[in-house]
Amino acid sequence: MAVWAALGRPGALRLTDLGVYVGAVEGLRHGASLYDFVSAGNAPFTYPPFAGLVFLPLADVAVPLLQCLWTLGTLVTVVLVAQMVARETALPAPALAFVLILSAPISSNFKYGQVSVFLAAMITADVLLLRGRRAHGVLIGVAAAIKLTPLIFIPMLWLAGRRRAAVTAAATFTTCGAVAALALPGDSWRFWTTEITQVSRLGYITSVGNQSLNGVLMRFGISAADRSLVVVVVGGGIALLASVQAGRVARRGDWLSAVVITGSASVVLSPVSWTHHQVWLVLAALLPLRGRIRGYWMALVLAVMLLPVTALGPPVWSNIRFLLAVAVTTVAPFLLVSPDRRDELGLGSVGVTLRSVGRGVRRLAHAGAGAGVAALQEGSPGQVTRKTPTTAPPGGSSRQITR
């Protein structure tokens, strides 16, 4: 039953998923379960109970202010992700942020008030900024406690040789779950014994918005039993391969590629991978592939993730982002250049080129401005040009001073 009409009260939340968060925690404050809530759009609360504790303060914020703050927070988070990625690729952060904002996943996060971009930022910060520090793994563990999908990054850390970070992430996830169990024992029991297996609660999961392997098989009409077997065998195999390859490229120092490969594997393996979950597929455009293929690859990825290609219909286009996720996890890892060759073949050269072009433009502008000033001075009435000879030392040269 719906315990709180979050989308029907005055000043109702237009950001659908944000409305679910608020409605669920408001119901919790009134003594109901998080998992009793169903929004006016038939959307239930599907996150672990720890997420309910994280979202609890949202109920204290007025709706218009909450909408503005959430949207602003999403924008700031996208910019921060762009800055972190720019450090790894030598590409300009504003351009990366602009592309991200135009992409389907980030647009979906803005439209529905989703939490996915915040989780992606936490994972990116953990791997790219906290690596080698004592806190490495903490943000991944917290992200996984809010939404289970980031658990896939823990094996990546282990296989990359960051075993302490992997243990830290697992311990953080467990601790968050324990805190939720103490605070919300009934909801914790209900989630881990019942709700976690109720995939049908997640909405219209046969739509093209769901680009997971499970979603693709459902669109092809595969039975539930056969679908489960294929997801476990094929999806699990892809995830295992991706984790191994991500660990390999991470040990070479290419941690951004490792994160992108692992995140793309989560798109394949998760029972439901909505558009707002697919942030990693946008970042896949930045994979430093060798040779000429890198230009074609970037164009292909950006076209798939920026344009509404899934609306072009079955069997290929409606599943094209799933196919891209499979390519990122199974093909791209074998085409990556080593970090020491990026300036020659990879994204580093693109960044150097962009900076060189910028410097050239500035120099031309400066030279043009200087020439214009000189021309004005020469043509001004009463302008006196005086050449002062100087005496050169023996064997030296003479110079003229123009005033």
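A cut-off under 15 angstrom between Cβ atoms defines the neighbours of S188, and their net charge, with Lys, Arg +1 and Asp, Glu -1, is -2.
Give me the 1.4 Å probe accessible area per residue for the stretch 92-230, excluding ligands and nucleic acids, in Å². Intermediate values should be presented prior to the final figure.
Working: 6260 Å² over 139 residues.
Roughly 45 Å² per residue, with all protein chains present.
Within the accessible area of the stretch 185-283, what % is carbon and sulfur when the probe is 1.4 Å and the other protein chains stay in place? Summing carbon and sulfur atoms, their accessible area is 68 percent of the total for the stretch 185-283.
Simple spin-label estimate for L302 and R201 gives 4.1 nm between the two label positions (7 Å along the Cα-to-Cβ direction from each Cα).
Highest average first, the peptides 138-149, 193-204 ordered by how many other beta carbon atoms sit within 10 Å of their residues are 138-149, 193-204.
The values are calculated or read from the model by the stated rules, or taken from the named source; none is laboratory data. The structure displayed is predicted, hence computed values, not measured ones. Because the Cβ atoms are built from the backbone with ideal geometry, glycine has one as well, and the counts that use them run over all protein chains shown. Just so you know, the surface numbers come from the protein's heavy atoms only, side chains and all, with ligands and any DNA or RNA stripped out. Shrake-Rupley method; radii C 1.70, N 1.55, O 1.52, S 1.80 Å.
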